[in-house]
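Worksheet: the structure to be examined is printed underneath.
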Amino acid sequence: MMYVTRREHFSAAHRLYNPSWSDEQNDRVFGKCNNPAGHGHNYYVEVTVAGEVDPETGYVVDLKELKRVIHTHVIDKLDHRNLNTDVDFLTGVNPTAENIAIGIWKQLVDRMPQGRLYQIRLYETEKNIVDYRGEA
Ligand code: NI
């Protein structure tokens, strides 16, 4: 099994909060991330595809095609957006790194040009990183 990764970037704003909680509880749990006017991150996402190497192309997946799928269904929807209000696949979701990674997975899992989606790694900052490998 071979694993191939495409790295992409987007910038976006969000506010972390749970609408069913009081202001005090939101402030206690989310702190600065609960700032009502929001704040931004420079996100990086790494999309890893697993598969066998095609003997004719030498590829697991054509990265040009993978890039196009990621841009159409993920980056174009997230880049320079407000993740609380502007993104169809995050509607009703608290846009934590975890929930963004799950949303990206759902956008891509049935759209792989070749191979199968193995992992979404999302860097919210250089130091805060989540990995999602689907429901298991
Ligand atoms: Ni944040």
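The values are calculated or read from the model by the stated rules, or taken from the named source; none is laboratory data. All of these numbers come straight from a predicted model, not from anything done at the bench. Please note: Cβ atoms are built from the backbone with ideal geometry, for glycine as well, and neighbour counts cover all protein chains shown. The area values use the complete protein model at the heavy-atom level, side chains included, leaving out ligands, DNA and RNA. Shrake-Rupley method; radii C 1.70, N 1.55, O 1.52, S 1.80 Å.
If the condition is being in a strand (DSSP E or B) and surrounded by fewer than 18 Cβ atoms within 10 Å (Cβ to Cβ), then the stretch 122-136 contributes I129, V130, D131. The residues of the stretch 23-59 that are open to solvent by 50 Å² or more (accessible area, probe 1.4 Å), in contact with a Lys or Arg (Cβ under 9 Å, 6 or more places away or on another chain) and either more than 11 Å from the ligand (Cβ to nearest atom) or aromatic (F, W, Y) (or both), listed by number, are P36, A37, Y44. Checked against the criterion of being out of contact with any Pro (no Cβ under 8 Å at 6 or more places or on another chain), in a helix (DSSP H, G or I) and within 22 Å of I129 (Cβ to Cβ), the candidates Q107, Q25 yield just one match: Q107. Look at the stretch 1-21: where a residue is more than 30 Å from V61 (Cβ to Cβ) and a partner is open to solvent by 90 Å² or more (accessible area, probe 1.4 Å) and within 16 Å of the ligand (Cβ to nearest atom), sitting 6+ places away or on another chain with Cβ atoms under 7 Å, you get R15/P36.
Can you give me the number of residues within the stretch 114-126 that are within 16 Å of the ligand (Cβ to nearest atom) and within 12 Å of A97 (Cα to Cα)? Reasoning before the result, please.
Of the residues in the stretch 114-126, the ones within 16 Å of the ligand (Cβ to nearest atom) are 122-126.
From the residues that got through so far, the ones that are within 12 Å of A97 (Cα to Cα) too are 122-125.
So the count comes out to 4.
Please indicate, with yes or no, whether at least one residue in the stretch 2-12 is among the hydrophobic types (A, V, I, L, M, F, W, C) and within 16 Å of the ligand (Cβ to nearest atom). Break it down into steps so the answer makes sense when it comes.
Taking the stretch 2-12 and keeping what is among the hydrophobic types (A, V, I, L, M, F, W, C), we get 2, 4, 10, 12.
Checking the rest, the ones that are also within 16 Å of the ligand (Cβ to nearest atom) come to 10, 12.
For the stretch 2-12, residues among the hydrophobic types (A, V, I, L, M, F, W, C) and within 16 Å of the ligand (Cβ to nearest atom): present.
Of all the listed residues (L83, L66), the sole one being within 16 Å of the ligand (Cβ to nearest atom) and either at pLDDT below 95 or within 20 Å of D131 (Cα to Cα) (or both) is L83.
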